[in-house]
Amino acid sequence: MANDRVPTPPPLHDLPTAKEKRYDRQLRLWGASGQVALEEAHILLVNTGSGVTGIEALKNLVLPGVGQFSILDSAIVCEEDLGVNFFLEDESLGKFRAEETPLESFLQKDDNLKPFTLLLVGAPIDYASLRKIRDLALASQTPLFYTHCIGFFSHFSVQLPRAFPVVDTHPDPTATQDLRLLKPWSELQDFAKRMTDDLETMAQHDLGHVPYVCLLLHYIDKYRTQHGKLPESYKDKTAVRDMVRAEGKDEENFEEAYAAVLKSLNPPTIPSAVRDVLSAPETQSLTSVSSSFWLIANAIQRFVTKYSVLPLPGAVPDMKARSNDYITLQQIYKSKARADCAEVTASVRSLEKSTNRSAKLEIPVNEIENFCKNAAHIHLVRGRPLQLITPGEKPSFGDRAKALRSELTNPESLMGLYLAFLAFDDFTATHTPPVPAHPSSPTGVLVPGASDSALEADAAKLTSTAHTYLDALINESGNRLEDPEYSDLRAEIEKYCTEIARAGGAELHNMASLTGGLVSQEIIKVITGQYVGVDNVCLVEGVASRMGTLKV
Amino acid sequence: MAAVMAPNAPVMNGHGSGRAKWKHLDTLLSRPGAYTDPEAFVPGEVPIASLDNARILVIGAGGLGCEILKNLALSGFKNIDVIDMDTIDVSNLNRQFLFRAKDVGNAKATVAAEFVMKRVPGCQITPYVGKIQDKDEDYYMQFNVVICGLDSIEARRWINATLVGMVDMDNPDSLKPLIDGGTEGFKGQSRVILPTMTSCIECQLDMHAPRAAVPLCTLATIPRQPQHCIEWAHIIKWEEERKDIVLDTDDPAHITWLYEKALGRAKEFNIEGVTYSMTQGVVKNIIPAIASTNAIIAASCCNEAFKLVTSAAPCIGMPGTNNYMQYTGDAGVYTFTFEAERKEDCPVCGNLPKDLSIDPEQTLEALVESLAERPESQLKKPNVSTGQKSLYYSSPASLEEQTRPNLKRKLKELLDDGEEMAVTDPAFAIAFRYKVRFR
């Protein structure tokens, strides 16, 4: 067959364009739709401190092609910027780091934040401005990132809209297999019967080419005949596995079947995260302007009510088989997936009508297909407001107090470092420099450890504030923390605070670059609406080389 | 100590000439920290002198390398060398930020060094355009730390074996810490290796197992996936029809030829999904790469180098502590930092031969082929011998001819259970020792 004359292929239409060549290595991750989203984005960076973290993040966003940037930074380039910021040079000295716009006047007009897809703010920043930006972003539902990078430690928080759905979560391919072996439809069953009809008498070579999916369906059937039920428990499944092994005859396809038993013989389930989306108020009460996500979710909910399963994704893993048998099997799965999707599409169309959706907002077929394919892995983030301390007061952790309290006994958790950064914000909000310390803090922010003489006192203040926050969290959770854990935690927090004061607000380029890398990665996820992002706090501990996330 | 450094004695806190721009760095270096070892860290001139005097070698000037060079320069390092044999391609521009469209076709090491030196005056970066294998031990002996930002396992294994081989117990300077970074899409790792003292790259080889190859018979007779059609065009059809032309995977005409062949075959078998981009991806074994992951991993490597040289905070990688950070960024942000352990039977840094489980009924040919794919060996052109005899040599030709008949023989005829076997490969300077275990 290999020597048959190959027909001349049609002229080529899909040679890569210049842009596809340049972005090849990332298009393989987020595809053309992700790239379009990046190109249409406009990001605002607000810097009042040395700001290297923000600049490094922008570098990683300029490179993959984010469309537009604005930088709000009224500082003048001074010599110390040159030792830490790669994008300034000797000739920049004495010039404005960005366009000269005082932050206070910029924030007076609410509309000024409107053009931006996303906001990125670096600490230290004066408290009133940060609060104003946070509130404006909340009101307009614009994603906001807030970062700290001090010495060997850093942090960022993400404030996302109240509903932030992700369809393209890019789960691990091995986690996405849904073969419906315990709930086969008739076309699949018929095909498997045909392939395994004379399994006992088949020639060895033919036997070695029966697709493992058909083998498993055959043995499940045999099991059911013998036991009068489907193999659902672990013990049942190992019994099926033993049947496969007993007739295995060292063939690769039998090996594949054997390996697949435990993970493939599961009744199709609907993950609880997906149930949450299907029962969300936005899914239940559609309007004429509901986003397409909620409308499709409602249609999927109808499908689930009718069949108790999600639409079939339709992908079949590669397996030992003859070409035409495999292609036939693939077609059987694809046709079923197409039929399921057609039913969902019909629901979507009728919902569009019943909600009086305008024709302009008609949902494209490929969006519905994509949703059906990823239905088991959709992800919904309920964005929460950025936690801001009120200067001089104890913070409140609200409905997260219990969960965050349990972080305190997890040795891997960086909760203590988070409290230290909150204490840092309290320090800057409650101290003003006697005279503006240097041109890079024109808004009059004083950081702990700014001078050698105040170093010890600042470290002690920071520690004391962080310890107060620790107690506030424990009290709010209503769940005491006993010694030695409590004392150990206080000692750990003291170390974090001492190290933060040591830096005196200094950014280490490596840590700023690392944090800028993390922040840009998360910004890309938010803008493309792909992959699962940090929800909603990330911490970096650069001494032990660890990172961790929290939800506050 | 300060007197020793008289010519360029740095003045603290930015009041004097020359160090004003290092205020951020000097603040950290002039104060003791909560984690610093008072014995190892003397705040002030000492760590600054360490930065001034350290010589760092950076291997690779690509996605990681560009970031590493920038980070080292802005961490206060003054003497850096960089090795890379590659030239700049247009597909590098989405992440290798020291390169512009006008630089395409020029040497990466040279362009990167010039860019960073222009931005950070006072930092000397010496590029070498070529292979790491061009250099000898005397060359590597000059450096205090080696940082790798490579995409090739083979090059990593070569430098690892070289640095392990250089260690002379009587000369502490012969121990060159190796810091290695690697990325793939949203994932990556950074690790610190103290050759002969802690787990080396070869000890950790099975953590980076190669992807299983598709059997040749699938490609030849029963393709099922678009990738099978592309591999058929690549491995079988090119040999058949264009044997005299060396395949250049960077030549669009060559990729187009493979694409058309693959497309034809896919049509014949009703297989969907062959595209030009997929053809390129399969043939060149393209790994997705983005700026953000490179920034994270490069910075992690340089942070460890900075801590190692200045002692401003403890670095990872000391014996008995964590030495490996695994990073995953596609679902949230997750790191796993742990201690990879030394292996007594590591072919590079261990003393014992490694166990190799084999089927005595198998032929030597099957064993030779499997050595390329086994996670614990990954040797593409192995030469196999025992204490007494040469079993198979792929070169020189005369020895190949002489040993070729052995390929068809069963292993039980050539080896005894428990016998020691040595495998060499032209890509590595050392012999890998295995103890044969019959299955």
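The values are calculated or read from the model by the stated rules, or taken from the named source; none is laboratory data. Small disclaimer: the values here were computed from a predicted structure and weren't measured. Note: ideal-geometry Cβ built from the backbone for every residue, glycine included; neighbour counts use all protein chains shown.
The table below lists the values:
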{"read-out": "Of residues in the range A:26-58 being part of a helix (DSSP H, G or I) and over 21 Å from the mean Cα position of the chain (by Cα), the one farthest from the other protein chains (Cβ to nearest Cβ)", "value": "A:ILE55"}
{"read-out": "Residue satisfying condition, being in a helix (DSSP H, G or I), at negative phi, at pLDDT below 95 and not polar (S, T, N, Q), within set A:LEU262, A:LEU329, A:LEU295", "value": "A:LEU262"}
{"read-out": "The range A:88-127, subset polar (S, T, N, Q) and more than 14 Å from every other protein chain (Cβ to nearest Cβ), residue surrounded by the most Cβ atoms within 10 Å (Cβ to Cβ)", "value": "A:THR117"}
{"read-out": "Failed criterion for B:THR249 (all others in (1) buried (at least 19 other Cβ atoms within 10 Å of the Cβ); (2) of a type in the set (Ser, Thr, Tyr); (3) more than 7 Å from chain A (Cβ to nearest Cβ) hold)", "value": "(1)"}
{"read-out": "Hey, B:PRO43 touching a residue at least 40 places away in the same chain (Cβ under 8 Å) and either part of a loop (DSSP other than H, G, I, E, B) or of a type outside the set (Asp, Glu) (or both) or not", "value": "no"}
{"read-out": "Residue within the range A:435-442 that is under 20 Å from A:THR147 (Cα atoms) and surrounded by fewer than 20 Cβ atoms within 10 Å (Cβ to Cβ) present", "value": "yes"}
{"read-out": "From the options A:LEU295, A:LEU217, residue that is touching a residue at least 12 places away in the same chain (Cβ under 8 Å), of a type outside the set (S, T, N, Q) and more than 30 Å from A:THR196 (Cβ to Cβ)", "value": "A:LEU295"}
{"read-out": "Count - residues of the range A:372-393 that are under 22 Å from A:ASN475 (Cα atoms) and touching a Phe, Trp or Tyr at 6+ places or on another chain (Cβ under 7 Å)", "value": "2"}
{"read-out": "Subset tally (residues that are within 26 Å of B:GLY273 (Cβ to Cβ) and either more than 14 Å from chain B (Cβ to nearest Cβ) or in contact (Cβ under 8 Å) with a residue 24 or more places away in the chain (or both)) for the range A:301-318", "value": "8"}
{"read-out": "Subset of the range B:314-336 that is part of a strand (DSSP E or B) and buried (at least 20 other Cβ atoms within 10 Å of the Cβ) - its residue that is farthest from the other protein chains (Cβ to nearest Cβ)", "value": "B:TYR324"}
{"read-out": "Among the candidates B:ASN106, B:ASN71, B:ASN79, residue that is surrounded by 17 or more Cβ atoms within 10 Å (Cβ to Cβ) and either modelled with pLDDT under 95 or farther than 30 Å from A:PRO448 by Cβ (or both)", "value": "B:ASN79"}
{"read-out": "In the range B:259-283, the residues that are among the hydroxyl-bearing types (Ser, Thr, Tyr) and assigned to a helix (DSSP H, G or I)", "value": "B:TYR259, B:TYR276, B:SER277, B:THR279"}
{"read-out": "Unique match (being acidic (Asp, Glu), surrounded by 15 or more Cβ atoms within 10 Å (Cβ to Cβ) and either touching a Pro at 6+ places or on another chain (Cβ under 7 Å) or not in a helix (DSSP H, G or I) (or both)) among A:ASP236, A:ASP178, A:ASP198, A:ASP221", "value": "A:ASP178"}
{"read-out": "Helices (runs of 4 or more DSSP H) within the range A:429-539 that include 1 or more residues more than 27 Å from B:THR335 (Cβ to Cβ) and at the interface with another protein chain (Cβ under 8 Å from one of its Cβ atoms)", "value": "A:455-477"}
{"read-out": "Among (1) of a type in the set (Gly, Ala, Ser); (2) away from chain B (no Cβ under 14 Å); (3) under 18 Å from A:ARG180 (Cα atoms), the one test that A:SER347 misses", "value": "(3)"}
{"read-out": "Where a residue in the range A:319-330 is surrounded by fewer than 19 Cβ atoms within 10 Å (Cβ to Cβ) and its partner, wherever it lies, is assigned to a helix (DSSP H, G or I) and of a type in the set (Lys, Arg), with Cβ under 9 Å and at least six apart", "value": "none"}
{"read-out": "Residue in the range A:490-502 that is under 21 Å from the mean Cα position of the chain (by Cα) and charged (D, E, K, R) present", "value": "no"}
{"read-out": "Index of the failed condition, A:LYS360 passing every other in (1) assigned to a helix (DSSP H, G or I); (2) closer than 26 Å to A:LYS551 by Cβ", "value": "(2)"}
{"read-out": "So A:ALA315, is it modelled with pLDDT under 95 and more than 28 Å from A:ALA203 (Cβ to Cβ)", "value": "yes"}
{"read-out": "Selected residue [over 25 Å from B:LYS187 (Cβ atoms) and among the small types (Gly, Ala, Ser)] from B:SER377, B:SER292, B:SER390", "value": "B:SER390"}
{"read-out": "Options A:VAL244, A:VAL213: the member that is of a type in the set (Val, Ile, Thr), farther than 23 Å from A:PRO311 by Cβ and assigned to a helix (DSSP H, G or I)", "value": "A:VAL244"}
{"read-out": "Scan of the range B:294-313 for residues that are touching a strand residue (DSSP E or B) at 6+ places or on another chain (Cβ under 8 Å), of a type in the set (Val, Ile, Thr) and more than 7 Å from every other protein chain (Cβ to nearest Cβ), ordered by number", "value": "B:ILE297, B:VAL309"}
{"read-out": "Residue match in the range A:50-68 (condition: closer than 21 Å to B:TYR276 by Cα and not assigned by TED's automatic domain parsing to the domain that holds A:THR428)", "value": "no"}
{"read-out": "Strands (runs of 3 or more DSSP E) contained entirely in the range B:342-439, each with at least 1 residues that are in contact with a helix residue (DSSP H, G or I) (Cβ under 6 Å, 6 or more places away or on another chain), surrounded by 15 or more Cβ atoms within 10 Å (Cβ to Cβ) and not β-branched (Val, Ile, Thr)", "value": "B:390-392"}
